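A short write-up of the structure that comes next.
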Amino acid sequence: MKKFDPPKIICDICGSKNIYKFHESANGAQIFKCRDCKTQFMNPQYSEEYLNHYYSTYIRDESFKEENLIEAQSFCLSIVESQIPDKGNLLELGSGNGYLLSIARQRMDTIRT
Ligand SMILES: [Zn+2]
């Protein structure tokens, strides 16, 4: 089974060829960035075959309590807010249980009232 697709040479979001290696994540993944739309993405990306295999054996750890998840996502959102203080739209890719977006919506509702 091949783990990765061939490296991308264009940005999937805007089609630009103006991409470059931005950094390497802690787990060794190469993170690229598009100079035109600023999107960051792993490159190369996992193959569909690898992801299908990975998620077919994926088991969620149910012992992790909901309040821990909420606290962790709240902390992550605080980091985003510290880097981007202006309120706007938030897009989360791979939103999992949706806690991050739920917390963000609650914070926006608090600001509006
Ligand atoms: Zn782009």
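The values are calculated or read from the model by the stated rules, or taken from the named source; none is laboratory data. Here the structure is a predicted model, which is why all the values come from computation and not from measurement. Ideal geometry is used to build each Cβ from the backbone, glycine not excepted, and the neighbour counts take in all protein chains shown.
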Check: Of all the residues that make up region 71-105, how many are surrounded by 11 or more Cβ atoms within 10 Å (Cβ to Cβ), out of contact with any Asp or Glu (no Cβ under 6 Å at 6 or more places or on another chain) and in a helix (DSSP H, G or I)?
Finding: 14
Notebook entry, point to check: Would it be correct to say that CYS76 is touching a strand residue (DSSP E or B) at 6+ places or on another chain (Cβ under 7 Å) and modelled with pLDDT of 85 or more?
Noted result: no
Next item on the list: Sort out which residues of region 26-82 are more than 16 Å from the ligand (Cβ to nearest atom), within 15 Å of the chain's Cα centre (by Cα) and over 18 Å from GLY96 (Cβ atoms), and write them in order of number.
Entry: ALA26, ALA29, GLN30
